[in-house]
Amino acid sequence: MFATLRRDVQAVMQRDPAARNPMEIVLWYPGLHALWGYRLAHHLWLKRYKLTARGVSQITRFLTGIEIHPGATIGPGLFIDHGMGVVIGETAEIGRDVTIYHGVTLGGTSLNKGKRHPTLGDEVVVGAGAKILGAITVGEGSRVGANAVVVKSVPPNSVVVGVPGQVVVRSKQPA
């Protein structure tokens, strides 16, 4: 458990040039507080204390302005920068070392039960205000531009911008 919490702090130190020291991050970074609230709520969710998990989630949302459903799956190293207004839905899946900026929504487009939120691969960066909607995948190493609305899957190592989101650049794939 402590290794996970330490990794969460390290993710902020590595990706936020304004972060001065670990104590500042632990005390004053709402993205970290939201992630830690999610980790507790997710643990309760998995233990089938779903009502309590939702309560922890809502208290965390009230305190941070960041809403992460306790049923979401989040890998290590998530960094939520300036997180106000971030929403991560119940069936969202987030890989390792992902960066999300303020106002991002990982939302559903269906009222059906089952997978209805996006999956973000490892090392994805999602710009401020972007909306990624539906049971789609954003491939590993991709970047989603600010205010983009993404409703179709994105290949790995791509840059997506616009409304609707369009892939504008793809890096060369390894041989």
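The values are calculated or read from the model by the stated rules, or taken from the named source; none is laboratory data. Predicted model, so just to flag it, every value in this text is computed and none were measured. Virtual Cβ from ideal backbone geometry, glycine too; neighbours counted across all protein chains shown. Just the protein is used for accessible areas: all its heavy atoms, side chains included, with ligands, DNA and RNA removed. Shrake-Rupley method; radii C 1.70, N 1.55, O 1.52, S 1.80 Å.
DSSP assigns beta bridges within the stretch 129-175; of those with both partners inside it, close to 45 percent run antiparallel. Packing, as the average of other Cβ atoms within 10 Å across residues, places the peptides 44-54, 7-17, 97-107, 144-154 in the order 97-107, 144-154, 7-17, 44-54, highest first.
Overall dimensions of the chain, expressed as equivalent-ellipsoid semi-axes from the Cα gyration tensor (√(5λ), whole Å, largest first), are 25, 20, 14.
Shown for the stretch 47-102: the carbon plus sulfur share of the solvent-accessible area, taken with all protein chains present and a 1.4 angstrom probe, equals 58%. The solvent-accessible area of GLU123, taken with every protein chain present and a 1.4 Å probe, is close to 80 Å². Think of it as helices only: each DSSP H run of n ≥ 4 in the chain is worth -39500 (n - 2.57), and spread over all residues that comes to -9500 deg cm²/dmol at 222 nm. Between ARG15 and LEU111, the simple spin-label model (points 7 angstrom out along Cα→Cβ) gives 3.5 nm.
Report Rg(Cα)/(2.2 N^0.38 Å) for the stretch 113-175, keeping two decimals.
Working: Rg = 11.2 Å, N = 63, 2.2 N^0.38 = 10.6 Å.
The reported ratio for this selection is 1.05.
Largest first, the extents of the alpha carbon coordinates of the stretch 1-67 on the three principal axes equal 38, 25, 16 Å.
Considering only alpha-carbon pairs that sit under 8 angstrom and 6 or more positions apart, the relative contact order computed for the chain is 12 percent.
With a cut-off of 17 Å on the backbone N, the residues of the stretch 37-63 near the modelled label site 7 Å out from MET84 along Cα-Cβ are 61-63. Rounded to the nearest 10 square angstrom, HIS33 shows an accessible area of 60 square angstrom against a 1.4 Å probe.
Based on DSSP, what percent of beta bridges with both residues in the chain are antiparallel, to the nearest 5?
Numbers: 4 of 29 bridges.
Of those bridges, close to 15 percent are antiparallel.
DSSP bridge analysis restricted to the stretch 93-175 gives an antiparallel fraction near 20%, rounded to the nearest 5.
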